[in-house]
Structure formats: C-alpha cells, structure tokens
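Below: the structure, in structure tokens.
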There are 2 protein chains.
Amino acid sequence: MSLLKQNLFNDCYNEINGSIGSKSNDTENKPNNETEPFSPYQLSYLKHHRYSLDLPGIVQSKLGAGPQPQVGDAGPKLVVVMVGLPARGKSYITKKLKRYLTWLQYETKVFNVGNLRRHTSINNNNNNPPGSTSHSFSFFDPHNEQAKQLREHLAMECLDELIDWLKKGGRIGIHDATNSSITRRTRIMKRIQRESSFKILFIESICTDKRVLEKNIALKLSGPDYKNMDPEEALNDFRKRIANYEKAYETIGEQEELENIQYCKLINVGKKVIAHNIQGFLSGQCIFYLMNLNLVDRRIWITRHGESTDNTLGRIGGDSSLSERGRKFAACLTKFIKMQKDLFRQKQLEKYREELKEEKKRYLNFSSSEPEPPERNFLVWTSMLKRTIETVEKFDSKEFDVMHIRFLNEIYAGACEEMTYQQIEEEYPEEYAARKSNKLYYRYPGMGESYLDVIHRVNPLIIELERMTDNILIVTHRVVLRIVLAYFSDVEKEKVPHMDVPLHTVYCLQPKAYGTELLKWVWDENEDMFFQE
Amino acid sequence: MSLLKQNLFNDCYNEINGSIGSKSNDTENKPNNETEPFSPYQLSYLKHHRYSLDLPGIVQSKLGAGPQPQVGDAGPKLVVVMVGLPARGKSYITKKLKRYLTWLQYETKVFNVGNLRRHTSINNNNNNPPGSTSHSFSFFDPHNEQAKQLREHLAMECLDELIDWLKKGGRIGIHDATNSSITRRTRIMKRIQRESSFKILFIESICTDKRVLEKNIALKLSGPDYKNMDPEEALNDFRKRIANYEKAYETIGEQEELENIQYCKLINVGKKVIAHNIQGFLSGQCIFYLMNLNLVDRRIWITRHGESTDNTLGRIGGDSSLSERGRKFAACLTKFIKMQKDLFRQKQLEKYREELKEEKKRYLNFSSSEPEPPERNFLVWTSMLKRTIETVEKFDSKEFDVMHIRFLNEIYAGACEEMTYQQIEEEYPEEYAARKSNKLYYRYPGMGESYLDVIHRVNPLIIELERMTDNILIVTHRVVLRIVLAYFSDVEKEKVPHMDVPLHTVYCLQPKAYGTELLKWVWDENEDMFFQE
C-alpha cells in the first residue's frame, strides 16, 4: 500500500477514533510495511462493537434480560501494562486498580512478573555472590546477558498467562513488571496484537520525590525478596538493583506516541498526569480513578444511622425517624466523633512539633514564631433520609461541615418499601425467592434497585473519598455501608450482600500505601460509650 | 520566615493537599519572601470548607432543607484562565465548558478579552495601515509597546469584571484570552490571590495538527474581526497576528509547576492531556469532561418511546406497554433509522472516494485495490422500561448494537407513579402546587426524583456521548429527553422543564466545532413516514 493511501486511510480511521488531531505529519519516516499497515489498536477497534458504556449489571444488551447481567463478551478485553522502575509505586497502583475494577464487577487479575521470577528456580543458571538471594542485584545488570534473557522470558511467560486468563473469561489483565525498555514494550504489544479483541493501556509510574521513594524502598525491604536478609545488606542490594534498572530505563515518549499507543503517566502519586490517546470507556474510567488518588494520612469514619422506628418494627426502606434508642446512640456518636477529631488534631500537632524539633536540631537560625499547621477539615455526610439526618442533628456546624447527599440513600426497595421480610415472603413469594438466590443481582420490583445499581450510584462517592484529604464521617444505611466497606476492604463480590454490619457500630478506615486499615468501634448502650473491638 | 521552616510548613500543607509527592527539592532557589510565604492556592484552601463534592440541588447542607438548594456560598469559586495561541480552539473549549457547567447548575460565565478589545475604542492610540481594521496584526506585535500596554490593560480589566461577577454570586468565571506569557499569567494569579476564596485552573490549548489549525483559522475569518474584509487580506492579516503572538509565546512548563499551579494542557483536541496539581472536585470534573471531547462527524438521534397505554390514559410514570399506535411508530422508526444509517454510510464512502480522487490527482503511483473504510458502529440505547424496549424490538441486532440502560429511565414520580396530573392535584394538592411553582427543583414524594436528580443521573451519559465516535439512537422519556436536548442546545435552566418534546418526534444532533446542529423529524401517522421540520 502506498504511503499516501495509508495516510488517507488513516485519516478515516483517525476520524473514527475521535483523534482528528492525531495524524502525525511525519508518516514519511515510518516503515512502509505491507502486512501491518495499521497499529493493532486500529484493527482491534474496527472489528469490535461494545466499545462504549459498559457497566456490568447496569447496562443490559438482551431484550427483556433477567436479573443476571450478560457475562463474557461484553466489551473488549483490556491489558494494562505497567511501566516503571522498582519502588515507584507500581504495585500500589495495580492493587488499587484491581480492587476498584473488581468492585465495579469487572473480572480483573494482576500478573506479577516478580512473583513468577521468585517461583521459578533459576539458581543453576545464575552466579550469585555467596549469601545473597537467587535474585540479587547482579540478576538485574543489563550487561548480564544470561539473566537478561531469562528476565525477558519470564515477562513474556507472564504475559502468556495473562492472555490465557483473558481468553477464558477474564476482563482486565494487569501485567505488573518494570517493562522499562521500548524493545520490551514493543514485544509485549506485538504479542497482544495477535488477539484482535484486546486493547492495551500502558500505565507508567514515575516518582521524583525523594521522600516518597525512600518510603517505597523501606516497604520493599519487608517484601519477599529480602525477608531473611540483613536490613543494611538488603538496602544495599536493592539500591544496586534500582541502579541496574536505571541504566536501561526508557520512559514512554515521543517515539511511542507516534505509534499511537494508549498510555497514562502518573508522576508523584498523581501530582502530574499525562494521558495519551485514551479511547475506550474503560480506559477513561481507569485514568479518572488513578488521577484522584492520594496518600494523605486521614480517617474515614462510617456507620449506619441510629435505630429507627421502622427498625424496631423490622420494616425495610421507608423514611421513619429515630427511636428513643437511636437518639441515644446519636448523642453518644456526636461526642465520640468530636473526641476523635480532637485526638487527630492533637496527634497532628505532636507530629508537627517533633518535626520542628528535628529541624531545630539541624539548623540554629530557626525562629519559632510561626503559626501551627491548620486543622484538617472534618466533613459529615448523610443520606437524605430522616434517620441519618437526625443521627447527626447535634453536630456543631462550626466544627463539622454537614451535608446530606441523595446517593447515600438506602437501596430502594420499590414495591417492597416499608414491608417486613416476612410480608415480602407472603405477598411476593417469587420475588423473595429470586432475591434469596442471587442477592447481588436481584432488583426490587416497582422501580426498585439492585446491589449493582447501588454500586454504580455510590461510585462517584468512592472517587471523591479517594480524591479528598479531609477527615469524614459518613452516616448511611446497611446496603450502602456494605458496598463502601467492600470497596475499601476488597471483599469478594459474592460475599458483599451477606456482610455483617450491625446498627450502632462505627468503622474507621485509614487508607495506607499497602491497603486500608479497618478499625471497629461498638456502642455499649449501658455504658453509653464506644469500645474498640 | 526561614526557608527551612517554610519547607516544614509546606510539608504539612502538602500533606493536606494530598500532594505528598509535590515537594520540589530546590526550595533553596526560591525567593524567600517574608510577606508571601505560600502560594495563593494554599492560603485560599486553608481558609475554606466546602471544597469537596458539591452538586447543586443534589447535595444539601442545611438540615431538612426544602426543594430549593442552597445558593451562593456553596464551594469555592473557580477562575478558569485560558492559555493558547489564536486559532487553537480556546473558544471551542470555553463554550463547551460553559455549556456543561451551566447544565450541571453552576453559574458560569465567559469573559472574552477579544470582545472587550473590540468594544473599546482605541483608534486614536493606534497607527494602523489604511484599510485595515482597528485590530490588525500590528496591534499584536510584541515590539509595539503602546499596543502591548493596552492589551495588558484590557486583559486585566476583563479579569476585574470576572472577579466582580464572581463576588456578586457567580460560581465559575472563564478568562478567555491568549494569556501567552509567564509574566501575564503571574499578574493574573496575583490579582486573583487577593480574593482568598477563589481557586485558579489554567487550561492551555495546544494544536500541532495542521489540518485542525487550518480549519480553526477558516472559522476565525468568518468572525467579528474580519467580517467585512477581503478574505485573502483577512487570512494574511490573521497569519501575521498569529506570528506576532508566536514570538512571545511561552507554554506552561516547569517554572510554573514549581509554583504549584493547577493546570491542564489539552493537545490536539484531547489526543494528549497533561494535568498538574488538580485539587478540587470541580477542577477534576472539568478535566474529566475536557479529556473526553472529540470532533468526529457523527449523528446522535434521540426520541421518546412510542405511545404507551399509560399515555393514552394520561398517566405518568409506570411501566406499561406500547399502544397500537405506539407499535406503528416503532415499526416506522426502525425503517427510518436503518435508512439514515445507510445514508450516513453512503456519504462516508462518497467522501472517501472524493479524497481518494484528490490523492490520485496529486500522486500517480496510486493503486486503488485498498479496502474501503469501515462503517461506523450504530448503537441503540433505551431505558429499562417496557415502552422504550418495545420501541426498538425490531431493530436488527446484527446491524445495531442494542442496549438497555437504567439511567435512561423516566424521572421517578415516587408516590405519584401511574397517576394522572388531575389525580395528583386532587390527592396531593400541596405537591401539585409545589411542583408548579418550581418544576426544576421539585422532587416527587416517596423517594421520587427531581429534574436535578435526573441531570445528575444522566451526567455519565453526557460524558459518554461526548467521548464516543459511534452513531447512536437513544430512545428515552420526556424528562430525560428534555435534559439531554437542554445540554446539547444550551437551553436556559428555567426553560428546561417546559420544553416542548412531543411523542413521535425524532431529533438529530450533529456536534460541530461551533456548537450542535439540531434537526427535527416528525412522524406523519397517516403517511406512516417521517418528515423533516
């Protein structure tokens, strides 16, 4: 095919992809390969429908589909290929992304090359200095040809596993490795191209902030490669490993942009984000999510409302007020959260003063007339139903920013609102049975909601909780609480509708780099106090 | 304040802002200014609450608030400062952004420096060559000191107007000018800093694609500066104007990143996006929206379902089937859309062949054995209610990708579902009156929805319609149709609930660079055909 014609065809293609501004003006420099006139993205796009809005359980593509959403062929499969030096937060990103996508009901799996390497016995092929692990820094020396070949082999083997898994019904596979050279990435791309229905998103993590790097390195030393090693020696080895990677590291740049690759660069935990040629609905969602992450030390408190009069009658839904007991809980919660807020502030100041002392030790010309750091905001969010609004009625609006948000409302039970489960069983035996058999997908009759509907409704809140750096108390309802906790604690989807989340229990979530810490406080009615479990 | 301490304080600040990775390691090089230790962003942030999730009419911050949402102080005000050479699509971006934000119920206004310049009489101060306008290219020569000062003055005057408007209750002001030097942007920042509750988002538009540039320039020549000029002369003048701007143009780069500015760069209509230090909820939403725009020629068809049996009885809501008449409409719609799909394809091929001919004229070695460009996908989306599903029942699923989506459902009327308006007036006279007095904010009792609730629910669909490049038919309901049309046609919010959108009428939206073209087709029942109005 002539270059000119290819150019022309590309135009049509570009127009289809919305990247009307994408046509590079240097096609003359590109290889004119008869057999591969387009990039794999183009071909895979052209062949496939269902490239748009795709929300498992929310969007149905069969007429009159039942509560079970379509599984399998909905949407193209996505291969996320990680790129980045060691200790740049790749695992943090892959873990978060996997958790989020799984929570949104996409089958997602991480394929970690490092784990494969550790599982592969290669002692025979490697000349390690005595006393080191079988994967000491010399294994990562770009001049160590034998090791290099083995690393390449492992990366591709890992990719094959990923592709197999996608073919068997997976939806999103994440290739977690350094993938630090253009050659490697090209190889990966070519392999994935062979599966025409797969799309590729490269995610490169870059960290130029020394403090974050040091923290990441510290985390790494408690990991599997170093667990039985002397800390000093481990640190030394790991630094050398990074240095070996750095020798050969090529960041994603212009050359790969000309290949029209779809990529996203995250610099310093989302402080700066570069996105290129983002096309599909799924890729867009991934990037919007990753853009919003932060590592600030904060607390997310979450609880159900105090007991309502409907609770005392065993009725679901509705919009009843608090019972006497519920009001007592509300009063105690108000004091408890105020105390927790003050405690957090106290710790913040202590930390500040400690750091100040450290600074003073180091520098003599330090005056201490400076203001203290400001206190973190404390938000209080409830649903728009009476029982949650009444629960926070006594919060001091000068200290807490109280808001009522519709998407924190309880699952809407449609025709079953204000009924007891017994009534539902008697009046709607088929609905009762359908709900029992699949609580996750079951949708209440009469415009009611399913768990999946609620997940989708709560999604912007999850993004917002990831984005913000304030402390917060969320007062909501059973189903919403389950769904929020499921996200943070990575609960398997089948278990979500069965999580035990009693009334008058407050959960405290602390997002950390390695996961979310969960604490649980239970209200003791007699003592009128909260006790940590 | 010592640098060290500033550093320490910045740490605390950075932590608060979630930009833990943001601390630059070269604070030594920064000026140590006692009076301005922090950037304005920091101070304005520290003083203000309501920095998070903020959706007018959806989030309420007063206990037991009525249907009217809180107005005025909800959330910090945002100043969007545009950056970019002429003809780089700044006005396209500002127009779209204003339309979207206004539709989401944020008071948004564009302040265009070019318009202010045209309204300001400066003939006396300017030495123009005879026959040119008062704003010919020489006005934009960076060596023309007098004109330069005047341009600076106009830009700042425009900014003052913007700030005044924000103080009087506006929410988001967009400063639409080239703002092409660091000096100018620093001045703008310093001015905005004086208002402690304002946040700043810079949006730079860059276009390196020559075809897009030429199109933009052509659009510009039909604009106010050139309307009475000879086209050749106009083009010549405008090119010289751009050249003058280019001499002094400084893209947003490292220097401003060290100042921690919040910015977003859009390169070639979103093909590549760079976002830096994005903090607030609103800024995040703006950027996610802008990331998803495209300029592909496509058609969005949208209609209500065919007449339902509830329609014939005058009942709202519910989930009834189509009437006989509704089914007749559905059959005709199926044929009509199929015809439109084929027509679009035919035009696409004609255009392709024409371009091919052009190419052939220019190049002799052109073989014509290449495949034709692939046909655009055609999606069909309905709500999950019977009357829309039945309307598309006969669409051939081999040609159309049919999906049913819950968020296209009609506004949920809660306790008033399946009632006639007369019944509502009789049974719920207060509700009836409340709805009449403010249809936009009115929310139906019994977990019902308001127009604003529906806007929020439809928001992801709008983003998806902007993102995708397929053709589509949306079959939905009266309120959702009004809301989607209001977005594309920029209908004032007070008018949205009163738009006339009869049954059996199909709208065709064609997004263009300058706005959306709207065509209307009406079904003639007797002829059983659609006629364009």
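The values are calculated or read from the model by the stated rules, or taken from the named source; none is laboratory data. Just so you know, these numbers come straight off a predicted model, no measurement behind them. Methodologically, a virtual Cβ is constructed for each residue, glycine included, from the backbone with ideal geometry; neighbour enumeration extends over all protein chains shown.
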Breaking point among (1) facing another protein chain (nearest Cβ under 9 Å); (2) touching a residue at least 60 places away in the same chain (Cβ under 8 Å), for residue A:359: (2)
For residue A:250: the one exception among (1) assigned to a helix (DSSP H, G or I); (2) outside the structural domain of residue A:347 (by TED's automatic domain parsing); (3) in contact (Cβ under 8 Å) with a residue 40 or more places away in the chain: (1)
Residue A:341 vs. criteria assigned to a helix (DSSP H, G or I), without any contact (Cβ under 8 Å) to a residue 24 or more places away in the chain and more than 11 Å from every other protein chain (Cβ to nearest Cβ): no
Checklist (1) in contact (Cβ under 8 Å) with a residue 24 or more places away in the chain; (2) part of a helix (DSSP H, G or I) applied to residue B:518, failing item: (2)
Test: residue B:217 is β-branched (Val, Ile, Thr), in contact with a Lys or Arg (Cβ under 8 Å, 6 or more places away or on another chain) and farther than 25 Å from residue A:254 by Cα: yes
Test: residue in region B:485-493 that is free of Cβ contacts under 8 Å to residues at least 24 places away in the same chain and not aliphatic (A, V, I, L, M): yes
Number of positions in region B:443-493 that are surrounded by 22 or more Cβ atoms within 10 Å (Cβ to Cβ) and on the phi > 0 side of the Ramachandran plot: 1
Residues satisfying the stated conditions in region A:371-422, i.e. of a type in the set (Ser, Thr, Tyr) and at the interface with another protein chain (Cβ under 8 Å from one of its Cβ atoms): A:412
Hey, residue A:503 in the same structural domain as residue A:310 (by TED's automatic domain parsing) and crowded, with 20+ Cβ neighbours inside 10 Å or not: no
Residue match in region B:512-526 (condition: within 14 Å of chain A (Cβ to nearest Cβ) and in contact with a Lys or Arg (Cβ under 8 Å, 6 or more places away or on another chain)): yes
In region B:246-288, the residues that are hydroxyl-bearing (Ser, Thr, Tyr) and either surrounded by fewer than 20 Cβ atoms within 10 Å (Cβ to Cβ) or within 7 Å of chain A (Cβ to nearest Cβ) (or both): B:249, B:251
Spans of strands (runs of 3 or more DSSP E) in region A:263-313 with at least 3 residues not β-branched (Val, Ile, Thr): A:263-267, A:272-276
Hey, residue B:307 in contact (Cβ under 8 Å) with a residue 12 or more places away in the chain, more than 13 Å from every other protein chain (Cβ to nearest Cβ) and within 29 Å of residue B:197 (Cβ to Cβ) or not: no
So residue B:302, is it more than 9 Å from chain A (Cβ to nearest Cβ) and touching a strand residue (DSSP E or B) at 6+ places or on another chain (Cβ under 8 Å): yes
Residue check for residue B:425: touching a helix residue (DSSP H, G or I) at 6+ places or on another chain (Cβ under 7 Å), away from chain A (no Cβ under 14 Å), part of a helix (DSSP H, G or I) and farther than 21 Å from residue B:392 by Cα: yes
Where residue B:232 falls short, out of the listed (1) among the acidic types (Asp, Glu); (2) more than 19 Å from residue B:272 (Cα to Cα); (3) touching a residue at least 60 places away in the same chain (Cβ under 8 Å); (4) not in a loop (DSSP other than H, G, I, E, B): (3)
